[in-house]
Each structure stands twice: as C-alpha cells, then as structure tokens.
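Participant: Here it is: the structure, laid out below.
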Amino acid sequence: MAHPAPPTHTHRVLLITTSHAQGASPTQLAVLHSAFTSSNVDVTIASLAGGTIPLHQDATTTKAQKELNKRFTSDENVALVESKPAWTFDGRDFDGFVLCGGPGALHDFVDNFGLRRLLQPAIAVGRPVAGLETGCSALIQLKNEADHSVVSGLRVTCPVDLESRFAAAGCSIVSSGDVVGDSCIITASATASAAELARAVMRAMPTPLEKAEALVRRMEEVQKTVNGQAGKVMKEFHAMKRTEKEFVKVLVSNTLDDIFGAYVPIMLFAVLAVTLYFGGYSYISKCVQAGRVLPL
C-alpha cells in the first residue's frame, strides 16, 4: 500500500532567539513550533550568534507543558544545537517572523544590526513581524524608509518593564489585550499568549497570489540589477577599448620616434660617407688623368 505524500508547506516562518547566556524560553519555542507545524507551516529556528541556543528554565505549571517542552528540546530535527545566525538569512525567503522571548532577549535584542538587516526589508514589503514577551524589545530599533521606528504610532502590548520604551517611541500601549496586531507588527505580552500569537502571524501571512506577485517583483528587481550591471560592464569594456587604441597609438608614435631618433642620423652619416667616398674617388681619377697626381 502506497503511503500518501507528505503535505507541501505553503508558508515559511523564522523563529529568532537570543544567544545571551541568560537564555531563551523553551516553553515559547515549543508552543510556537507546535502551533506552526501543526498548521503545515515550515519552521526555521535561528539565533543571533548561531550555534547552541541557551535555554532558560521556565517555571512551567502544567504537566502537559512540561511534556511538550521535553519532546521539543529532545527532537533531533529541531536545530537548537547547530542553529544558524539570524543575519545570514534573506528576509524575503520567509512569510513571517517571531522574535521569541526569555531573559536573554533583553540584552542582545535591543540594539542589533543583524536584526535590522534581516527584518527591515521584510517589514517594508508587509511581512508580519511579531514580538513575544521580552522579544518585543527588538521592535523599537527597527526603522522604516523615513528612518523612524516602525512601531511609532502603532498599538502594541508588551511586558510592563518595556512599556516606557514603547511609549517613548510613540506607541499606544494596550494593557488589556493578549495579542495586538497593528499594520504588520504583532505583539504579545506573555508566554501564555504564544499559541494565539502564532495564529495571528499565520493570518497575516501573504496569500499564494500575494507571494506570486512578490516573486514577480523580486524577479523584476533582479532583472534590473542584471541589466544595470551589464550596462556598467559594457561601458567599462568600451572605455578599455578606447584606452587600448590610445595606448597602441602612443606606442606606435613612440616607436617611430625612437627609430627616427636613433637610426636617421646613422643613415645620414652613411649616405654622407658614401657620397664623400665616391666623390673623392672621382676627383682623384680626374687629377690622375690630367697628370696632376701620380697614382701610388
């Protein structure tokens, strides 16, 4: 009996964790991973520095959650030991992003060039970017095309310790909501909202038609880049050809100058010597014939 083919993943999400020694939340990672994979979303886990992801020992309260965490952390298919650095990924290859929390996120998420490089282009094209608990701390540093914080003017929810930072960035703090989505930014203030946050991210992911349109735009951008590079190469080629012609012209001119400068005087001397020789011989012959000079 033939086994059915595995389902094809239609979306990809990148879970981003801290690399700080204080660690990431295994509960958040386990719940997010389970929520996405059960909905046939392909999940990639990355950390800021790559390598083994440090995990913080969450105070899990239920037996079911403890079992889920244990299965997740012992799953060899989950890249917790050999994670790739987040900055090495191309944000255009994913349909959504989640910045996972844990104590370590308050240290290396706050001002990180790799996160800005990864997430700002994704936000520019409307990809959902979510912050969970302390993972929200990474959102304030992200800038839009006007060089303003992407969360400025948005409604967000976050841990109490981060509320003053978001307020200073121009956000409206929603204290009553577990998950708040505004534009393409999604926030959740607590680990308990991880599953709901995952569902919000999946709802905000682009449809197949939107993905196809984005792919066409990306191909057009690549084509423009290729055409621009080709034009640049042709200009450089023609400039080299002109330089080559000028070089040959100068080389021939210098060579002729060298030839005439070195050999023309020698040739003139030789012509003069021959002329004097034959002229002198003719004169002596005439003198001998006239009897004025006796031959030796």
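Participant: Against the condition in a loop (DSSP other than H, G, I, E, B) and more than 17 Å from I45 (Cα to Cα), how does A59 come out, does it pass? Let's see the steps before the verdict.
Facilitator: Details: in a loop (DSSP other than H, G, I, E, B): yes; more than 17 Å from I45 (Cα to Cα): yes.
Answer is yes for this residue.
Participant: So, S152, is that one free of Cβ contacts under 8 Å to residues at least 40 places away in the same chain and either surrounded by fewer than 17 Cβ atoms within 10 Å (Cβ to Cβ) or over 18 Å from I16 (Cα atoms) (or both) or not?
Facilitator: yes
Participant: Could you grab me the full set of residues in region 92-108 that are within 15 Å of the chain's Cα centre (by Cα) and under 20 Å from L29 (Cα atoms)?
Facilitator: Restricting attention to region 92-108, the residues satisfying the condition of being within 15 Å of the chain's Cα centre (by Cα) are 92-94.
Correct list: F94 only.
Participant: Select from region 109-127 the residues that are surrounded by fewer than 24 Cβ atoms within 10 Å (Cβ to Cβ) and closer than 25 Å to H56 by Cβ and write down the one among them that is farthest from the chain's Cα centre (by Cα).
Facilitator: Taking the candidates together, the pick is V110.
Participant: Being modelled with pLDDT of 95 or more and either within 23 Å of the chain's Cα centre (by Cα) or under 22 Å from D111 (Cβ atoms) (or both) narrows it down to one of S172, S193, S152, so name that one.
Facilitator: The conditions single out S152.
Here's the yes/no breakdown for (1) within 20 Å of A200 (Cβ to Cβ); (2) in contact with a Ser or Thr (Cβ under 6 Å, 6 or more places away or on another chain):
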| residue | (1), (2) |
| --- | --- |
| I16 | yes, no |
| L29 | yes, no |
| L32 | yes, no |
| N40 | yes, no |
| L48 | no, yes |
| T52 | no, no |
| A59 | no, no |
| T62 | no, no |
| K66 | no, yes |
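Participant: I'd like to check something: does region 6-21 contain any residue that is modelled with pLDDT of 95 or more, loosely packed, with under 15 Cβ neighbours inside 10 Å and more than 14 Å from A79 (Cβ to Cβ)?
Facilitator: yes
The values are calculated or read from the model by the stated rules, or taken from the named source; none is laboratory data. Predicted, not measured: the structure shown is a model, and the values here were computed from it. All Cβ positions, even for glycine, are placed from backbone atoms using ideal geometry, and neighbour counts span all protein chains on display.
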